[in-house]
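Inspection log for the structure reproduced underneath, given as structure tokens.
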Amino acid sequence: MKNIIIVIFLMISAATFSQEDRRAVVNGEEVIIHTVKAKETLYGLTQKYNVSKKEIRGASDGMLIFIKVGQELNIPLPLSERTFHIVKAGETLYGISKKYGVSVDQLTKLNPAKAANLKKGDKLMLKGTVTEKTPVVENKPKVVTELNTKEYSVAKKETLYGIAKKFNTNVKELQRLNPQLGTELKVGEKIRVPYIDGKEEVKVVLDPKVIKVDKPLKRIEYTVKGGETLYGISRKYGTSVESIQKLNPGVTTLKAGDKLNIDLPEGYNEDIKIVLGDPKTPDADFSKINKINPLKDNLNDMVKKESYTVSMFLPLMLDKNDRMPQKVNKSKKINSYTEMSVHFYQGAALALDSAKASGVSIDLNVYDTENDTSTVGKYLRSTEVKSSDIIIGPFYEKPYSQVAQFSKANGIQAVCPVTQSNKLLFNNQNVTTLRTSLPTQISYLASYLSYARNTENVICLSGKSKKEKYLSNLFSERYNKFIEGKTNNYRASASTHNLTSYSSLHGFDLKLVKGKKNIIIIPILDEAMASAFFTQLTVLMSRSKMRGYEIEIFALENILDYHDINVDSKMRFNLHVLTSSFIDYKDEKVKEFVRKYRAAYGTEPTKYAFMGFDVAFYHALALNSFGKNYPAYYNQVQVPLLQTNYALKQSESNSGYENQSVYILKYQDYDLVRVK
């Protein structure tokens, strides 16, 4: 009886959907168009369609904070039901495959022409029947690799792509070895994988005149020391765990005295060794962090060698992860700060590998600071930290303030990669902050607009908080000073407008000028107020009397985190954003980093991975070039970075160093592009 009720309920639900809702394509996305009925709420719709408020707002152009009867809303279609995807800038087949839960091989088969040269705007089919084409036979010798195979049991969340990478092969080869495979793998499923037993791999060319044998790399026999792991040894010799296991079949765990065959990569040297300095959790099991496939063995086992010493303070939150509950049949979640920290570390590790080419020798000690000043205090009392040449981190304000005072007393530079208060720079030359502060951004904007937009109608908004009022006043003060004495100014000073209501822009229309571009500055730190401003501006500019008015908005980088602001509104009002970092996925250096990161860790790099690379690479080369007193030579350090340009300067002779580099970005074709 219960099953019958469920079936009837599903039939009624399906009938209701077909009568009231319809599917459509809006801005390249598949959506359900829902007409709001009496007593329906935004929360109720999120439960009905299993989406968030942010997703509904993002898909529904110009939607107000409250919904009303008869209003049509665009509800994003669940990813599992979508039939196509429009490629965005910087996207890859691998990333798209992970998003929709299909394999790279399936995407390639469904979109053979586009997959070969993926471009922004391409429409990729996600579902459909793959028609196998008869291959064109070319008059070329075939190359066949003679490999042994072994049986492999599929683990949780593994994909064909991941297994292919693990065994140094490709998806096509796995499918050839396992013709019975479907598009999805099951946990425990047995498949055949390539397996080399330590002998040279012989490539047999089916041409009687040519037989090619790949030359082996330099091979050594290594004796395992107590406590060492495969991952630690692979890092020591610049190889991978998989390569060591291929040369030593059956080896999964190690004990002191074991002998291992290791192939050394071409050009191998022992410049950089890394060690985890974490006396609190010496046996931390990083393998639990399987969500992002980070460091596979304990970092403690990496070998330390004399060189410049870098102490890295990260909120790894290892203890908190141990206490997080785990649901049945679901992978254990990890703390978001753990994920951030591991990506940051992994980016830094790649940077130190890259720095080898310049002869840099670094000892990297990583400490789990959590958000605990007592833990940080214990580390600061240790001999290892006191002998550091540089401290990177911590990320939290109170622990970083604690480290800043320690650095001043001990003459060690404390570098913070995330936003911190400018107060920490006062009278402390041993502090370096790498995120450009909001006051510095607003001052830069005043300078830029004073020569690029001084002939237009410039209006600066002010919010309710003291900091918002301070930023607004700072802009007006600097802008008015910069345009003083110019003869082509539209106004002698910037106009101002106070935002006092979430539901009204009373009087704002009187500040706008037809025939001029209206340049609006919004140094607003309250997400709800910023979102409400865009909503009310949309309403205002939709009135017939406002036709012909041009709007161009400039905001600080905090607006990038405000997801309730519709992208179409950002496009409509020509939103420009100031920021201290920008990842250009078309840049060749960025592409190369992404390739290396995927190969090393089997996952996509986050912005924290890019941040970790830039911080470590820049300061490793600075230390190598100028020694421990390198901050005095910041203006001479020229290093190609991935997401920023460090312009590290002091505001006073005895103050700390702040990054004063600023990018101006704008929304164009639903993407952020660099303007300046």
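In a helix (DSSP H, G or I), without any contact (Cβ under 8 Å) to a residue 60 or more places away in the chain and either basic (Lys, Arg) or in contact with an Asp or Glu (Cβ under 7 Å, 6 or more places away or on another chain) (or both): does that describe residue 596?
Values: in a helix (DSSP H, G or I): yes; without any contact (Cβ under 8 Å) to a residue 60 or more places away in the chain: no; either basic (Lys, Arg) or in contact with an Asp or Glu (Cβ under 7 Å, 6 or more places away or on another chain) (or both): yes.
In short, no.
Could you figure out which of (1) in contact with a helix residue (DSSP H, G or I) (Cβ under 6 Å, 6 or more places away or on another chain); (2) open to solvent by 40 Å² or more (accessible area, probe 1.4 Å) isn't true of residue 649?
(1)
Quick check: anything in the range 553-576 open to solvent by 20 Å² or more (accessible area, probe 1.4 Å) and of a type in the set (Gly, Ala, Ser)?
Within the range 553-576 (the criterion being open to solvent by 20 Å² or more (accessible area, probe 1.4 Å) and of a type in the set (Gly, Ala, Ser)), the answer is no, since none of the residues qualifies.
Looking only at the range 515-548, count how many residues are open to solvent by 20 Å² or more (accessible area, probe 1.4 Å) and either of a type in the set (Asp, Glu) or under 24 Å from residue 451 (Cβ atoms) (or both).
Within the range 515-548, residues that are open to solvent by 20 Å² or more (accessible area, probe 1.4 Å) and either of a type in the set (Asp, Glu) or under 24 Å from residue 451 (Cβ atoms) (or both) number 5.
Check 403, 385, 342 and return the single one that is assigned to a helix (DSSP H, G or I), of a type in the set (A, V, I, L, M), over 27 Å from the mean Cα position of the chain (by Cα) and modelled with pLDDT of 85 or more. Outline the logic, then answer.
Values: 403 fails: over 27 Å from the mean Cα position of the chain (by Cα); 342 fails: over 27 Å from the mean Cα position of the chain (by Cα).
Every option except 385 fails the conditions.
Taking residue 464 as the residue in question, decide whether it is among the basic types (Lys, Arg) and without any contact (Cβ under 8 Å) to a residue 60 or more places away in the chain. Explain how you work it out, then say what you get.
Values: among the basic types (Lys, Arg): yes; without any contact (Cβ under 8 Å) to a residue 60 or more places away in the chain: no.
Answer is no for this residue.
I'd like to verify a number: residues in the range 99-108 that are of a type outside the set (A, V, I, L, M), crowded, with 16+ Cβ neighbours inside 10 Å and without any contact (Cβ under 8 Å) to a residue 24 or more places away in the chain, how many?
1
Which residue out of 479, 448 is surrounded by 18 or more Cβ atoms within 10 Å (Cβ to Cβ) and over 32 Å from the mean Cα position of the chain (by Cα)?
Numbers: 448 fails: over 32 Å from the mean Cα position of the chain (by Cα).
Going through 479, 448 in turn, the sole match is 479.
Just to verify a result, which residue in the range 67-92, among those that are within 19 Å of residue 49 (Cβ to Cβ) and assigned to a strand (DSSP E or B), is most open to solvent (accessible area, probe 1.4 Å)? Spell out the reasoning first.
Kept after step one, since they are within 19 Å of residue 49 (Cβ to Cβ), are these residues of the range 67-92: 67-83.
Cutting the leftovers down to assigned to a strand (DSSP E or B) gives us 72-76.
Numbers: 72: 99, 73: 0, 74: 25, 75: 0, 76: 19 Å².
The extreme case among them is 72.
Filter the range 608-645 for residues that are part of a helix (DSSP H, G or I) and loosely packed, with under 15 Cβ neighbours inside 10 Å and give the result. First the steps, then the outcome.
First, the residues of the range 608-645 that are part of a helix (DSSP H, G or I): 608-626, 630-636.
If the condition is that a residue be part of a helix (DSSP H, G or I) and loosely packed, with under 15 Cβ neighbours inside 10 Å, then 632, 633, 635, 636 are the ones that fit.
Tell me which of these residue 448 doesn't satisfy, since it passes every other one: (1) under 26 Å from residue 540 (Cβ atoms); (2) in contact (Cβ under 8 Å) with a residue 40 or more places away in the chain.
With respect to (1) under 26 Å from residue 540 (Cβ atoms); (2) in contact (Cβ under 8 Å) with a residue 40 or more places away in the chain, residue 448 is out only on (1).
Table: residues versus (1) more than 19 Å from residue 613 (Cβ to Cβ); (2) surrounded by fewer than 21 Cβ atoms within 10 Å (Cβ to Cβ).
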position	(1), (2)
344	no, no
365	no, no
368	yes, no
373	yes, yes
379	yes, no
383	yes, yes
390	no, no
393	no, no
400	yes, no
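Going through the range 171-212 one residue at a time, which ones are among the basic types (Lys, Arg) and modelled with pLDDT of 50 or more? Walk me through it before giving the result.
Looking only at the range 171-212, we keep the residues that are among the basic types (Lys, Arg), and these are 172, 176, 186, 190, 192, 199, 203, 209, 212.
Selection gives 172, 176, 186, 190, 192.
Condition first: among the hydroxyl-bearing types (Ser, Thr, Tyr) and either out of contact with any Ser or Thr (no Cβ under 8 Å at 6 or more places or on another chain) or in a helix (DSSP H, G or I) (or both). Can you find one or more residues in the range 554-567 that meet it?
Within the range 554-567, the first condition is being among the hydroxyl-bearing types (Ser, Thr, Tyr), and the residues that meet it are 562.
Cutting the leftovers down to either out of contact with any Ser or Thr (no Cβ under 8 Å at 6 or more places or on another chain) or in a helix (DSSP H, G or I) (or both) gives us none.
No, because not a single residue in the range 554-567 is among the hydroxyl-bearing types (Ser, Thr, Tyr) and either out of contact with any Ser or Thr (no Cβ under 8 Å at 6 or more places or on another chain) or in a helix (DSSP H, G or I) (or both).
Does residue 95 qualify as being surrounded by 12 or more Cβ atoms within 10 Å (Cβ to Cβ) and either under 24 Å from residue 189 (Cβ atoms) or at pLDDT 75 or above (or both)? Quick ask: steps written out before the conclusion?
Numbers: surrounded by 12 or more Cβ atoms within 10 Å (Cβ to Cβ): yes; either under 24 Å from residue 189 (Cβ atoms) or at pLDDT 75 or above (or both): no.
In short, no.
Taking the range 425-443 on its own, how many of its residues are surrounded by 20 or more Cβ atoms within 10 Å (Cβ to Cβ) and part of a helix (DSSP H, G or I)?
Residues in the range 425-443 being surrounded by 20 or more Cβ atoms within 10 Å (Cβ to Cβ) and part of a helix (DSSP H, G or I): 6 in total.
The values are calculated or read from the model by the stated rules, or taken from the named source; none is laboratory data. Given the structure is predicted, the values throughout are model-derived calculations rather than measurements. Quick reminder, even Gly has a Cβ in these numbers, built from the backbone with ideal geometry, and neighbours come from all protein chains shown. We work out accessible area using only protein heavy atoms, side chains counted, and drop any ligands, DNA or RNA first. Shrake-Rupley method; radii C 1.70, N 1.55, O 1.52, S 1.80 Å.
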